[in-house]
């Protein structure tokens, strides 16, 4: 999404989602994703948060960043972060790492077991 933000100018957000939780709280979720040699940037996170505050002032913003990790053994991994601003600094609220696998490599038994964790 390309847009402008007052005081910043033109920005680009990789993806934006609007969501509703079980209690009816509405969220806007800007996502930045990087792979290869590209790195996540604090500047982009600040821009994402500023954009959501301006364009969606009544929604709760939950900024998400994803960094694809190149692993030597060819197993694809992704690190996902929820970010916020505290005292003018971007901080990590939560960080999780996942290994990406083709669906054909996951058995029916594994899928059933995951549902109960």
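Every number in this text was worked out from the coordinates using simple rules, so none of it is lab data. These figures come from a predicted structure and were not determined experimentally. Reconstructed Cβ throughout: ideal geometry from the backbone, glycine too, with neighbour counts over all protein chains shown.
Entry note, the chain: the mean residue ellipticity at 222 nm calculated from DSSP H runs of n ≥ 4, each adding -39500 (n - 2.57), is -5500 deg cm²/dmol after division by the residues and rounding to the nearest 500. If you run the Gaussian network model on the chain, springs between alpha carbon atoms under 10 Å, then out of 101, 28, 42 the most flexible one is 101. Helix 42-55 and the longest principal axis of the Cα set of the chain meet at an angle near 60°. Identify which of 47, 23, 67 has the largest mean-square fluctuation in a Gaussian network model of the chain, with springs joining Cα atoms closer than 10 Å. In the Gaussian network model the winner is 23. Each Cα pair under 8 Å and six or more residues apart adds its sequence gap; the mean of these over the residue count of the chain is a relative contact order of 17 percent. Comparing 66, 79, 104 in a Gaussian network model of the chain (Cα springs below 10 Å), the most mobile by mean-square fluctuation is 104.
Taking every DSSP beta bridge with both residues inside the stretch 2-115, roughly what % is antiparallel (nearest 5)? Counting DSSP beta bridges with both partners in the stretch 2-115, the antiparallel share is about 80 percent. Placing a label point 7 Å from the Cα of residue 54 along the Cα-to-Cβ direction, the residues of the stretch 1-26 with a backbone N closer than 13 Å are 2-13.
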